[in-house]
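Participant: Got a structure for you, questions after.
The values are calculated or read from the model by the stated rules, or taken from the named source; none is laboratory data. Here the structure is a predicted model, which is why all the values come from computation and not from measurement. All Cβ positions, even for glycine, are placed from backbone atoms using ideal geometry, and neighbour counts span all protein chains on display.
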Ligand code: AFP
């Protein structure tokens with residue numbers, strides 16, 4: 001089976017970008033080994049006022065250190081850090097956005113969690129998602145998988161017992177599907193979101209939601225359907241973050257024939273104005289995204 005190194009060499013990927021992707025992907029092993037000793041919460045809170053799990057800070061510090069030392073990253077913005085990090089002595093100008101441990105509140109329940117990363121060129125993190133050079137996520141489940149796009153389709157690798165990523169699937173396409181996951185409590189849903197969920201349920205949609213965006217999205221990537229974290233009553237921008245969660249996953253979704261929207265616009269076309277801005281997210285199969293946009297359009301009429 002093709003290894004990640006072999007795939008990157010054959011994919012005509014910029015050498016420094018290849019090195020950066022391999023460096024990030026390799027952190028899955030130490031991260032996986034750290035789960036058993038870093039299950040608790042730490043005293044600190046992140047910029048959103050959310051309690052930080054030990055693995056939030058541990059994985060953030062690991063990846064930030066490795067990327068800072070690589071000399072390949074000019075700017076890095078992390079969900080777990082208040083400020084954008086700059087590395088002025090970098091010899092390359094990649095800019096990395098990341099959620100180092102998405103779903104961290106689930107680690108002690110042994111549900112799948114993951115690391116989400118977007119890589120821009122041009123040395124700046126505040127860019128539209130459509131400008132990404134690469135997007136990837138490592139998913140720590142029964143397998144350790146790496147889902148990756150270089151902007152030329154989506155591949156899925158699994159790590160073998162020797163720590164080598166082996167190609168499971170390439171040119172991955174999101175099928176039209178009927179699974180849906182949605183955040184927020186039903187009493188807090190807005191009318192358009194309530195109407196959308198009612199419409200897809202009437203069409204046979206089945207609920208699958210773990211509380212781990214990256215895991216729930218991966219299921220949508222494989223089986224088809226939609227993941228939603230909508231605007232809620234009193235929370236018009238929802239919970240998830242544009243830069244660290246919407247943009248990298250949305251880029252992968254689009255490369256697999258799906259899409260990402262806030263119900264109205266394509267989130268890959270939104271210009272981030274500040275690193276921690278939140279956005280409502282609908283991401284998944286084109287059939288579901290079209291349905292969501294129709295219902296939101298009708299609600300604005
Ligand atoms: P944690 O990283 O704090 O576990 O939050 C996970 C998350 O950002 C995303 O991965 C989930 O889909 C969403 O929050 C779950 O939020 P709810 O607990 O409100 O459903």
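Participant: Which of the residues belonging to region 168-195 are within 16 Å of the ligand (Cβ to nearest atom), surrounded by fewer than 14 Cβ atoms within 10 Å (Cβ to Cβ) and in a helix (DSSP H, G or I)?
Facilitator: 186, 187
Participant: Could you say whether any residue in region 59-72 is surrounded by fewer than 18 Cβ atoms within 10 Å (Cβ to Cβ) and on the phi > 0 side of the Ramachandran plot? I'd like the intermediate steps shown before the answer.
Facilitator: Filtering region 59-72 for residues surrounded by fewer than 18 Cβ atoms within 10 Å (Cβ to Cβ) gives 61-62, 65-66, 68-69, 71.
Narrowing further to those that are on the phi > 0 side of the Ramachandran plot: 71.
Yes, some residue in region 59-72 is surrounded by fewer than 18 Cβ atoms within 10 Å (Cβ to Cβ) and on the phi > 0 side of the Ramachandran plot.
Participant: How many residues are in contact (Cβ under 8 Å) with a residue 24 or more places away in the chain and touching a strand residue (DSSP E or B) at 6+ places or on another chain (Cβ under 8 Å) when one looks only at region 65-89?
Facilitator: 11
Participant: Right, next: Being within 16 Å of the ligand (Cβ to nearest atom) and assigned to a helix (DSSP H, G or I) is the filter; apply it to region 51-96 and report the residue that is nearest to residue 16 (Cα to Cα).
Facilitator: Once the filter is applied, the top-ranked residue is 63.
Participant: Could you tell me how many of the residues in region 105-128 are within 21 Å of residue 59 (Cβ to Cβ), touching a strand residue (DSSP E or B) at 6+ places or on another chain (Cβ under 9 Å) and either more than 10 Å from the ligand (Cβ to nearest atom) or in a strand (DSSP E or B) (or both)? Talk me through it step by step, then tell me what you get.
Facilitator: At the first step, the residues of region 105-128 found to be within 21 Å of residue 59 (Cβ to Cβ) are 105-120, 125.
If we keep only those that are touching a strand residue (DSSP E or B) at 6+ places or on another chain (Cβ under 9 Å) too, we end up with 105-108, 112-120, 125.
Imposing the further condition that a residue be either more than 10 Å from the ligand (Cβ to nearest atom) or in a strand (DSSP E or B) (or both) reduces the set to 108, 112-120, 125.
The qualifying residues number 11.
Participant: Among the numbered criteria (1) assigned to a strand (DSSP E or B); (2) within 13 Å of the ligand (Cβ to nearest atom), which single criterion is violated by residue 260?
Facilitator: The one condition residue 260 does not meet is (2).
Participant: Next question. Restricting to region 220-243, and then to whatever is outside any loop (DSSP other than H, G, I, E, B) and out of contact with any strand residue (DSSP E or B) (no Cβ under 6 Å at 6 or more places or on another chain), can you tell me which residue is surrounded by the fewest Cβ atoms within 10 Å (Cβ to Cβ)?
Facilitator: 235
Participant: Something else about it: Within 13 Å of the ligand (Cβ to nearest atom) and either at pLDDT 95 or above or crowded, with 16+ Cβ neighbours inside 10 Å (or both): which single residue out of 202, 246, 198 fits that description?
Facilitator: On inspection, the qualifying residue turns out to be 246.
Participant: Can we say residue 144 is within 16 Å of the ligand (Cβ to nearest atom) and either closer than 15 Å to residue 215 by Cβ or over 18 Å from the mean Cα position of the chain (by Cα) (or both)? Give the derivation first.
Facilitator: Numbers: within 16 Å of the ligand (Cβ to nearest atom): no; either closer than 15 Å to residue 215 by Cβ or over 18 Å from the mean Cα position of the chain (by Cα) (or both): yes.
Considered against the rule, which asks whether it is within 16 Å of the ligand (Cβ to nearest atom) and either closer than 15 Å to residue 215 by Cβ or over 18 Å from the mean Cα position of the chain (by Cα) (or both), residue 144 comes out as no.
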